[in-house]
Amino acid sequence: MKLTKPSRKTLRIGAGAGYAGDRIPPALELAEKGALDYLVFECLAERTIALAQLQRSQHAHLGFDAMLAARMRAVLPACLAQGVKIISNMGAANPLAAGQEVIRVARELGIEKLTVAVVLGDDVLATMQRQTGDQPDSQDLPLMDSNQTFASIGTASISANAYLGAGEIVTALAQGADVVITGRVADPALFLAPLIHEFGWAMDDWDKLGKGVLVGHLLECSGQVTGGYFADPGWRDVPDLARLGFPLAEVASDGSAVITKVAGSGGCVTVQTCASQLLYEIENPAAYLQPDVVADFSNVTLTQVGPDRVQVGGATGRQRPDRLKVTVGHRDGFIGEGQISYAGLGAQARGQLALDVLKLRLADVKALDSRFELIGVNAIHGQDLAQGLAQSYAPYEVRARAAMRVATRAEAELVAHEVEALYINGPASGGGVTQSVREVIAAASTLIPREWAPTSLTLLEI
C-alpha cells in the first residue's frame, strides 16, 4: 500500500548513504517507511573517485560504486511503488556504465518501465592537460594546500574531476527521470536539486540556495546526524546504535526544514547531533563555497521541536564562485606495511625493541614518509605526546607497526618482509604478523574556469 505523503508545501528527502561503503538496511527502511519524495545516496570522497578512475583505466566497464547493484536491488522496488525518485553520485568515474547497470538491475527485478538520467561532464582531465600544456596560451594551475602545480604532477595524474552543481540534476528531474546518476558533484547539490525542481527556485535566488545547501550538508553524511560518529558512552549516549536509522528532512518551500528519522529506528536527532554535523568539514561557516552558491551558516538556528525532530533555519547565501573546484588524483609511490603483536610482561619493551631493529634494518631505504609506532601506546597522538603523559601501568599487549611510503613496489615489499622476519629474527614471542603493499593514490585540489567543465545529460530507458 502506498504511504500518504504531505502536500507539495513540504518535500521529504532521505539520506540513503553517506559514503561508498555505507550500510544498506537503513536506506531500505527509509524507502519503505519514510514516506519520501526523494532518496539520495552520497557515496563519493576525494580519493574514492581517483581510485575509481584507476579501476576504470584497467577495466573500461567498471569505475562506478561497487555497491550500486546491491543498493538498487534493495530499494528500487520500494521506491517505484512509493513514487520515490533516487539521486546518487554512485556513477563515480563511469556514470554512463553506472546508469546502464541500474537498467540491468531493473530488468533483473522485472521492472518494465524506468527512466535513468546520467549526468556527464565532471571528468576534466583531458581538458586540463590540454589547457596547461605546451601551447603559447596555456596556463598552469596551482594546487591548493601545496607548493606544486597541476603540470608538475605530469604523467602521475590519473584523474581530474570537477565538482558540478545541481543544474543538470534539475534538468533530469524535469525530464521525468526516476533515477539520476552522477559522477562528481558537490555533495549538497544532490539534495539541493530536488528542492530547486519541486519548488521552482531560481538558480540565482542565493538565499534559498543557501538554505538548500544547509539541508544537504546536514543530510549528506547519513547516520552522522542521527548519532553515528557521535556516540560516546557516558557522555553522549545514543539509543539503539546497532539499528541506527538514517535521516530525512521535511523541507518547506521557503527553505526551512525539520531534520528527523523514521519512527522506531535507532539513533537520535538532537540539537547536539545536528550541531556536530553542521560544523563537520566546514572551514568557514560564513562562506561555505559551493558550485551553486556561497552559503552562509553563521546565523543558523537549531531548535528541538519534538522527539527526534530538529527545526533548522537561518542560512543565507550569496553569488556563486566563478570557478569550480577539481579533485586531481595522482600516483604518489607505494606503502609497505607490517604489524606484529607482543603480549605479556614486558610487551611494550619488546615491541619498542622490534621497532628499533626495523629502523636499523631499513635505514638504507629512501622513504618519502615513515611511521614506526606501538598501537595502543603512541600510534594516534605520536611519541612526543605519549611520553608527556603519565602512564600508570605497562600495557599487557601492544602491536608494533612499521609503514613506509617509498618510490617503488620492490622497496615497499622489503618493508613488509622485514616485519615478517621478526618472527625468528627479533624479540621474543612476537606473533600475528600481517603485511600489505599498496600503491598510493593521492588527491590534490585546484580551481578551474567553469567553461572547462561543460555538462550534458543522457537518458536511458526501459
Taking chymotrypsin sites (Phe, Trp or Tyr not before Pro) as exposed when in a DSSP loop with at most 10 other Cβ atoms inside 10 Å, the chain has its longest clean stretch at 1-234
Taking max minus min of the Cα coordinates of the range 329-441 on each principal axis, largest first, gives extents in Å of 44, 31, 22
Stretched fully, the stretch from THR458 through THR155 gains (0.36 nm per residue minus C-alpha distance, one decimal, in nm) 106.0 nm
Between the modelled labels at ALA275 and GLN129 (7 Å from Cα along Cα→Cβ) the distance in nm is 4.9 nm
Of all lysine pairs in the chain that are eight or more residues apart or on different chains, those with Cα atoms under 27 Å apart total 27
Neighbours of ASP178 by Cβ distance under 9 Å: Lys/Arg at +1, Asp/Glu at -1, summed charge +2
Here, trypsin sites (Lys or Arg not before Pro) of the range 56-121 satisfying both criteria (DSSP loop; at most 14 other Cβ within 10 Å) are LYS113
Fewest-first ordering of SER157, SER253 by Cβ atoms within 10 Å yields SER253, SER157
Given a Förster distance of 45 Å, the FRET efficiency implied by the Cβ-Cβ spacing of ARG371 and GLN139, rounded to the nearest 0.05, works out to 0.75
Counting as exposed only GluC sites (Glu not before Pro) in DSSP loop states with no more than 15 other Cβ atoms inside 10 Å, the longest exposed-site-free span of the chain is 284-462
Sorted largest first, the C-alpha extents of the range 1-81 along its principal axes in whole angstrom are 47, 22, 19
As a Kirkwood estimate from alpha-carbon pairs, the range 38-128 has a hydrodynamic radius in angstrom of 13.8 Å
Contour minus Cα-Cα span, HIS61 to ALA394, at 0.36 nm per residue, comes to 114.6 nm
To the nearest 0.05, the calculated FRET efficiency linking ASN425 and GLN319 through their beta-carbon distance, R0 being 60 Å, is 0.40
Footprinting proxy, VAL365, VAL406: sorted fewest to most Cβ within 10 Å, the residues are VAL365, VAL406
ALA242 and SER146 label points (each 7 Å along its Cα→Cβ direction) are spaced in nm at 4.5 nm
Once the mean of 1/r over all distinct C-alpha pairs in the chain is inverted, the Kirkwood radius in Å reads 24.2 Å
Taking HIS381, HIS330 and counting other beta carbon atoms within 10 angstrom, the fewest-first order is HIS381, HIS330
Net charge (Lys, Arg +1; Asp, Glu -1) of residues whose beta-carbon lies under 14 Å from that of LEU289, LEU289 excluded, is -1
The FRET efficiency for LEU109 and ARG331, from their Cβ-Cβ distance with R0 = 45 Å and rounded to 0.05, is 0.70
Rounded to two decimals, the Debye log10 I(q)/I(0) of the range 282-330 (Cα scatterers, no solvent) at q = 0.25, 0.28 Å⁻¹ is -0.90, -1.00
Once Lys and Arg are counted +1 and Asp and Glu -1 for all other residues with Cβ under 14 Å from that of ALA343, the total becomes +1
Candidate cut points under trypsin sites (Lys or Arg not before Pro) in the range 192-252, DSSP loop plus at most 13 other Cβ atoms within 10 Å of their own Cβ, are none
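Computed from the coordinates by the stated procedures, all read-outs in this text should not be read as laboratory data. What you see is a predicted model; the values in this text were computed from it and never measured. Positions of Cβ are backbone-derived with ideal geometry, glycine not excepted, and every protein chain shown enters the neighbour counts.
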